[in-house]
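**Student:** One structure, pasted below without further comment.
The values are calculated or read from the model by the stated rules, or taken from the named source; none is laboratory data. Since the model is a prediction, treat every value here as computed from it, not as a measurement. Because the Cβ atoms are built from the backbone with ideal geometry, glycine has one as well, and the counts that use them run over all protein chains shown. Side chains are part of the model used for accessible areas, which takes the heavy atoms of the whole protein and leaves out ligands, DNA and RNA. Shrake-Rupley method; radii C 1.70, N 1.55, O 1.52, S 1.80 Å.
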Amino acid sequence: MLVSSTAAVAQVDSGRLRGELMVQLSDALDAFDRGSATMHIAPDSALTAFRESRDKFRAVIDAGVTNGQLYYNLGNAHLRLGELGHAIAAYRRASRLIPGDEQLKANLRFARSLTHDQIPATGTRTALRTVFFWHYSLPLRIRVTAGLILYGLFWILAAGRRMAPRLPLGYPALVCLLVWVSLAISAAVDLPSQGRLRDGVLVANDVVVRKGNGEGYDAQFKQPLHEGVEFKLIEHRGGWMDIELPDGNRGWVRQRDAELF
Amino acid sequence: MPRRYSAIATSTLCLAAGVALGADIRFGVSPRETYVGMTVQVQVVIDDAKDHMAPVFPEIDGAEVRSAGTSRNMTQMGRQVSVSQTYTYHVIPRRAGTLTIPSISVGADGETFTTTPTTIRVLKSEKGDLLYVQLLGDRNVYVGESIETTLEIWLKPFEKDRIRMDEHEMWRTVDQNNSSWGPFSENLQGRSPQVSYRTEVRPDANGKRQRYFVYSLNRTVWPERPSKTFDAGGVTVVVNYPLAARRSRFMLLGGRHEVTNRRVISTVIEDSPITVKPLPLAGRPARFRGAVGQYAIHASAAPAEVSVGDPITLTLAVRGKGRLETLRAPVLSLQESLIADFRVPDEELAGVMEGGARVFTQSIRAKHDSVTEVPPIEFSFFDPQSEAYTTVRSSSVPIEVKESAKLAVSQVTEGSAGGGATTKLTRIDSGLLANYDDIEALVSQQTLPVGWGTWSVVAGGPLFFVATLLLQRRRERLVGDTGFARRRAAHRTALATIHRAGTNSNEPLAAGIATALTGYVADKCNVPVAGVTRSDAVLQLRTRNVPDVLVSQVDELLAECESAQYGAASHADANDLAKRAQRCVNELERGKL
C-alpha cells in the first residue's frame with residue numbers, strides 16, 4: 001500500500017488530475033457535512049449524502065492517492081452509513097500511514113466499541129505492543145527516513161573518529177548504530193508485507209466460522225461472528241480464508257464476508 | 001436584464017459548450033421521452049461564475065423533483081482555469097402525458113439567466129400484469145410513529161420456449177440503480193441484500209391464475225409528513241423485463257440463462273394501506289420536541305456535594321419505544337422548577353446512544369445553598385397508542401449545596417483563583433471525531449521515500465568511510481616516510497629540472513639533463529643526490545632489475561651529456577637530448593622503478 005507505483009504517483013502529481021481530485025475531495029467533505037447536519041432531521045437524505053461522500057473519498061483513493069487522513073475520512077463516512085466492518089478496515093489502513101494520530105485512534109476505538117463481538121487479544125500480542133510501542137506508533141516511512149539519517153550519521157561519525165581520534169565521537173556513533181539497527185529490523189519486519197493483504201475485518205453479520213474451506217465443514221464456534229471482527233490472514237484457498245482471531249482462535253470464513261487490507 | 005437560453009433536450013444529455021469569458025449557463029435534460037416513475041435527469045451547469053446563487057427549481061405538477069447533488073469540475077487549458085458548478089435534479093413523472101419543465105432562474109455575477117421551458121413526453125409503462133409493487137404495514141399511523149413495513153415486489157417469471165427463469169435470475173432483472181428505493185435502499189446495501197422471496201399465485205387481468213415471485217423487503221420506517229397513502233418516499237421499481245432468453249453458454253460461471261432481448265417496465269407503489277395522520281395540535285405541551293412513542297426519563301447528577309456556582313453534570317437518559325437515534329433533548333431552560341434554583345445553559349444538548357438509551361448531559365450550577373435537590377425533569381412526547389400527548393418526569397436527585405468558599409486576599413492578588421469556580425468537564429469518549437479537511441494534505445502522497453537519494457545514502461556511507469580511511473593512511477605515510485615523499489615527487493622533479501634547464505641560458509642544457517636523470521634515480525632509490533655519478537645511477541638501475549635496454553639508454557644519455565658539457569654541442573642536439581631524457585624518465589616511471 002505504501003509503495004505506490006511510480007506511475008500512479010506521477011499521475012496524481014500531474015496538475016490537472018490533482019486539481020480534479022481536490023474538487024472531488026471538496027465535494028466529499030461537503031457531502032459529509034451536509035449529512036452530519038441533517039442526520040437527525042432527515043435521516044434518508046443524510047444517508048444519501050454520506051453515501052456520496054464515501055464514494056468520492058473512495059474515488060480519490062482509487063485514483064492512486066495514498067494518504068492516512070484520507071483513509072480516516074473514508075472510515076468516518078463508512079461509519080456514518082453503519083458499515084462498521086468497512087469503517088474499521090479504512091481506519092486500519094490509515095493507522096499504517098499515521099499510526100500516532102490521536103483522532104484516528106479515538107475513532108478506531110469508537111468503531112471497535114460498536115462491534116457486537118468483543119474478542120480480547122492474547123497477552124503476548126498486548127505485551128509486544130507495549131514493549132515495541134515505537135514500532136507500532138511510528139509510520140513506516142518515518143522509521144525508514146530516520147533509519148537512513150542515522151545510518152548516514154553513523155558513517156560520518158565513524159569516519160570522524162578515524163580522522164580525529166581525540167574527539168569523543170565513539171559513543172555517539174555507537175548510539176547511532178544501535179538505533180539504526182533497531183529501526184532497520186523494525187522496517188524489515190514490515191517491508192516484506194507491503195502491498196500484501198495480511199489483515200482483515202468481517203463486513204457481514206452472522207458469519208459462521210468453519211473448520212475448513214467449505215460449507216460442508218462444521219462450525220468452529222457455537223456463536224456466529226458479526227461485522228467489525230478483526231483477524232490475521234493465514235491462508236487463502238479459493239473463495240475461503242483461514243483466519244486467526246485476536247484471541248488466537250483460528251477458522252475459515254468466506255472471502256466475500258471480509259475485507260482485507 | 002434577463003437572457004434567454006434555449007434548452008437543449010436530447011435523448012442523451014447534450015450540453016452546449018460555454019464561452020470562457022464571463023459567467024455562462026448550460027442546461028440539459030435527459031431523456032425527452034420516458035415512462036411514469038422513470039427518472040429524468042436535469043442538469044444546470046454554471047460556468048466561470050465568480051459568484052452565483054443556486055438555481056431555484058420550481059415545483060412541477062404531476063412530477064416529483066429531487067435534488068441529486070452538486071459537483072464542481074475544474075479544467076485547465078494552458079494558464080486558463082475554467083470552473084464549472086453542476087446542479088443535478090431528478091424529475092420523476094407520476095402520470096402519463098406531457099410534462100413541462102418550467103423556466104429555471106439562476107443568478108450569476110449580477111445577471112439573471114433563465115432557461116426556456118422544456119417538454120417531456122411521459123408514457124405509461126406497459127407493464128401489464130408482469131409487475132406489481134405494494135406496501136404492507138399498519139393501517140393508521142401518526143407522523144414520527146414507527147411502522148414495520150414490507151415492500152412486496154410481485155414479478156411474473158419469464159417462461160418462453162421451454163425456458164423458465166428462476167427467482168434469482170428474475171431478481172437480477174430488477175434495475176436497482178434506476179429504481180428509487182426510499183428507506184428500503186438500506187436492504188440492498190452490501191454484498192448480501194436483505195430480500196426474501198416466496199412464490200404466490202394471483203389472477204391476472206383476464207382472471208387467469210398466474211405464478212409470481214414475490215420479493216419482500218422489511219424495514220422499520222418513520223413517516224416524516226402526513227399522507228393519505230404512504231408511499232415510503234416515492235418508491236419506484238424499474239425492471240428490465242426479458243422478452244427473449246437462451247441457455248447460457250457459460251452456465252458454470254454465471255446464470256443459467258442469458259437475456260437476449262428486454263424492455264424496461266416500471267411502477268410505483270400501487271397499493272398501500274398506510275395512512276399517515278398529522279400529530280394533533282390540541283393538547284400539545286409547550287415542551288414537546290417531536291418525540292413520538294412511549295418513553296421514560298431518568299436523571300442523575302454528579303457530584304452530589306458542591307458549592308454554590310460549582311458545575312453539576314446533569315445526565316438525562318431517555319429510554320423507551322420510539323426513534324431514540326433522532327430524539328431531541330428536553331429544553332432545560334423551559335423547566336421552571338429547574339431554572340428557579342439552577343443556572344442552565346440555553347444551547348440544545350447533543351445526545352449519544354448508550355446501552356439502549358439516548359443520553360444527554362448538561363452542566364448546571366446551583367444559585368444558592370438552600371438547594372437540596374435537582375427537581376424532576378419533564379419530557380413530553382406523543383403516545384400513538386393512547387393518541388394523546390404525555391409528559392413523564394424523572395425522579396428528583398438529592399444534592400448538597402454548600403456556601404461558596406470566600407477567596408483569600410492572597411488568592412485575589414495573585415489571581416490564582418480565576419474569575420469563578422472551576423468547571424470540571426466530563427469527557428464523553430464515544431462518538432465520531434471530525435474529518436480532516438486540509439485538501440492539500442489529503443491529496444498528498446504518503447509513500448516510502450525510496451529513490452536515488454536513499455540508495456545514495458546507503459552506498460555513500462561506507463564509501464565515504466573507506467575514502468576517509470584511504471586518505472588518512474596516505475597522509476600518515478607521507479608524514480612518516482620521507483623516502484616515500486621523495487619517490488612520489490621524483491618524476492615531477494626530474495621533468496621540471498629538464499624543462500628549467502632548457503629555458504635557463506646561464507646553465508648548459510646537458511648538465512641540467514644529467515642532474516635531472518641522476519637526481520631521478522637518487523630520489524627513486526632513496527640515496528643522497530650529491531653522491532650519485534653516472535656509474536652509480538646505472539648500478540642502482542641494474543640492482544632494481546630495470547630492463548637492460550632502458551639502462552643502456554640512460555647510460556648513453558648520461559655519457560652524451562658528459563661529452564656535451566666538455567665539447568661543443570649544437571642547440572638542436574641539446575634539444576634532442578632533452579626530449580630523449582624526458583622519454584627515458586617517463587619510461588622509467590611507467591616501469592615502476
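**Student:** Round to the nearest 10 and give me the degree value, 0 to 90, for the angle of helix A:43-62's Cα axis relative to the longest principal axis of chain A.
**Tutor:** Result, in degrees: 40.
**Student:** Magnitude of the Cβ-charge dipole of the stretch A:6-113, K/R +1 and D/E -1, about the Cα centre, nearest 20 debye? Write down the numbers at each step before the final one.
**Tutor:** On the way: 14 positive and 12 negative charges, 80 e Å.
Computed charge dipole of the stretch A:6-113: roughly 380 debye.
**Student:** Find the all-direction average of the projected area of the Cα convex hull for the stretch B:482-590, expressing the result in square nanometres with one decimal place. Don't jump to the answer; show the numbers that get you there.
**Tutor:** Details: hull surface 25.6 nm².
Seen from a random direction, the Cα hull of the stretch B:482-590 projects 6.4 nm² on average.
**Student:** Still on this structure, I have one more. Set the Förster distance to 51 Å, then compute FRET efficiency between residue A:38 and residue B:454 from the Cβ-Cβ distance, nearest 0.05. Please report the intermediate quantities before stating the final value.
**Tutor:** Details: r = 48 Å, r/R0 = 0.95.
Given R0 = 51 Å and the Cβ-Cβ separation, E is 0.60.
**Student:** Over the Cα atoms of the stretch A:124-261, Rg to Rh with Kirkwood Rh, two decimal places?
**Tutor:** Numbers: Rg = 22.4 Å, Rh = 18.1 Å.
Rg/Rh: 1.23.
**Student:** After finding the eigenvalues of the alpha carbon gyration tensor for chain B, what semi-axes result from the square roots of 5 times each, listed largest first in whole Å?
**Tutor:** Details: eigenvalues 1858, 447, 154 Å².
Largest first, chain B gives 96, 47, 28 Å.
**Student:** Further question on the same structure: Between residue B:488 and residue B:286, with labels modelled 7 Å along Cα→Cβ, what's the label distance in nm to one decimal, could you check?
**Tutor:** 10.2 nm
**Student:** Another question, if that's okay. Please report the spacing between the Cα centers of the stretch B:92-120 and the stretch A:95-117 in Å, no decimals.
**Tutor:** Going from one Cα centre to the other spans 47 Å.
**Student:** For the stretch B:96-203, report the % of Cα-Cα distances exceeding 18 Å.
**Tutor:** Details: 4020 of 5778 pairs.
For the stretch B:96-203, the share of Cα pairs beyond 18 Å comes to 70 percent.
**Student:** With angles folded into 0 to 90 degrees, how steeply does helix B:534-543 sit against the dominant principal axis of chain B? Use alpha carbons for both and round to 10.
**Tutor:** 50 degrees
**Student:** Between residue A:105 and residue A:175, what is the spin-label point distance in nm, taking each point 7 Å from the Cα along the Cα→C-beta axis?
**Tutor:** 2.5 nm
**Student:** So for the pair residue B:65, residue B:198, with labels modelled 7 Å out along Cα→Cβ, what separation do we get in nm?
**Tutor:** With each label point 7 Å from Cα toward Cβ, the separation is 4.3 nm.
**Student:** Answer with one residue from B:518, A:121, A:142: the one whose Cα lies farthest towards the positive end of the charge dipole of the protein assembly as shown, charges on Cβ with Lys, Arg +1 and Asp, Glu -1.
**Tutor:** Of the listed residues, the answer is B:518.
**Student:** Give me the accessible area buried between chains A and B, both sides summed, with a 1.4 Å probe, in Å² rounded to the nearest 100.
**Tutor:** On the way: alone 14860 and 35460 Å², together 45210 Å².
Buried: approximately 5100 Å² between B and A.
**Student:** Hey, another quick one. With a ≥ b ≥ c taken as the square roots of the eigenvalues of the C-alpha gyration tensor of the protein assembly as shown, please select rounded if a/c is under 1.5 and otherwise prolate if a/b is larger than b/c or oblate if it is not? Could you put the intermediate results ahead of the total?
**Tutor:** Details: a/c = 2.72, a/b = 2.01, b/c = 1.35.
Since a/c reaches 1.5 and a/b is larger than b/c, the shape of the protein assembly as shown is classed as prolate.
**Student:** A further question follows. Taking loop as defined by DSSP and a crowding limit of 11 other beta carbons within 10 Å, which GluC sites (Glu not before Pro) in the stretch B:52-137 fit? Could you put the intermediate results ahead of the total?
**Tutor:** Values: sites: B:59, B:64, B:111, B:126; in loops: B:59, B:126.
In loop regions of the stretch B:52-137 (DSSP not H, G, I, E or B), the sparsely surrounded GluC sites (Glu not before Pro) are B:59, B:126.
**Student:** Counting other Cβ atoms within 10 Å, keep those with at most 11, restrict to DSSP loop, and tell me which GluC sites (Glu not before Pro) in the stretch B:286-371 are left. Write out the running numbers ahead of the final one.
**Tutor:** On the way: sites: B:305, B:325, B:336, B:347, B:348, B:354; in loops: B:347, B:348.
Passing both the DSSP loop test and the Cβ count: B:347.
**Student:** Rounded to the nearest 20 debye, what is the charge dipole size of the protein assembly as shown about its Cα centre when +1 sits on each Lys and Arg Cβ and -1 on each Asp and Glu Cβ?
**Tutor:** Details: 100 positive and 91 negative charges, 447 e Å.
So the dipole magnitude of the protein assembly as shown works out to roughly 2140 debye.
**Student:** Here's another thing I want to ask about it. Rounded to the nearest 10 degrees, what's the angle between the helix B:548-566 long axis and the longest principal axis of chain B, both from Cα atoms, 0 to 90?
**Tutor:** With rounding to tens, the tilt is 60 degrees.
**Student:** Then there's this: Using the Karplus curve 6.51 cos²θ - 1.76 cosθ + 1.60 with θ = phi - 60°, what ³J(HN,Hα) values do you get for each residue of the stretch B:274-281, in whole Hz, with x for Gly and Pro?
**Tutor:** Running phi through 6.51 cos²θ - 1.76 cosθ + 1.60 with θ = phi - 60° gives 8, 10, 9, 9, x, 6, x, 7 Hz.
**Student:** Could you name the aspartates and glutamates whose alpha carbon sits less than 14 Å from that of residue B:277, not counting residues in the same chain fewer than 8 places away?
**Tutor:** Here the aspartates and glutamates satisfying the reach criterion relative to residue B:277 are B:138, B:145, B:224, B:231, B:383, B:387.
**Student:** Separate question: Lysines within cross-link reach of residue B:524: Cα-Cα under 26 Å, excluding same-chain residues under 8 positions apart?
**Tutor:** B:579, B:592
**Student:** Kindly state, to the nearest 0.05, the FRET efficiency for residue A:122 paired with residue B:218, given R0 = 45 Å and r defined as their beta-carbon distance.
**Tutor:** Details: r = 40 Å, r/R0 = 0.89.
The computed FRET efficiency comes out at 0.65.
**Student:** Efficiency by 1/(1 + (r/R0)^6): what FRET value for residue B:178 and residue B:464, r their Cβ-Cβ distance, R0 = 60 Å, to the nearest 0.05?
**Tutor:** On the way: r = 67 Å, r/R0 = 1.11.
Once rounded, the FRET efficiency stands at 0.35.
**Student:** Mind running the shape call on the stretch A:199-260? Use the C-alpha gyration tensor, a ≥ b ≥ c as the square roots of the eigenvalues: rounded below 1.5 for a/c, prolate if a/b tops b/c, oblate otherwise.
**Tutor:** Working: a/c = 1.24, a/b = 1.10, b/c = 1.13.
Because its axes are fairly even, with a/c under 1.5, the stretch A:199-260 counts as rounded.
**Student:** Under unit Cβ charges (Lys, Arg +1; Asp, Glu -1), what dipole magnitude, rounded to 20 debye, does chain B have relative to its Cα centre?
**Tutor:** Details: 69 positive and 65 negative charges, 386 e Å.
Using Cβ point charges on Lys, Arg, Asp and Glu, chain B gives about 1860 debye.
**Student:** Rank A:202, A:245, A:74 by mean-square fluctuation in a GNM of chain A with C-alpha springs under 10 angstrom and give only the top-ranked residue.
**Tutor:** So, out of A:202, A:245, A:74, the one fluctuating most is A:245.
**Student:** Add -39500 (n - 2.57) for each DSSP H run of 4 or more in chain B, then divide by its residues: what number comes out at 222 nm, to the nearest 500 deg cm²/dmol? Before the final figure, lay out each step's value.
**Tutor:** Values: 10 runs with 140 residues, N = 593.
Using -39500 (n - 2.57) per qualifying helix, the result is -7500 deg cm²/dmol.
**Student:** While we're on this one: Considering only C-alpha atoms, what is the centroid distance from the stretch B:132-171 to the stretch B:517-582, in Å?
**Tutor:** 116 Å
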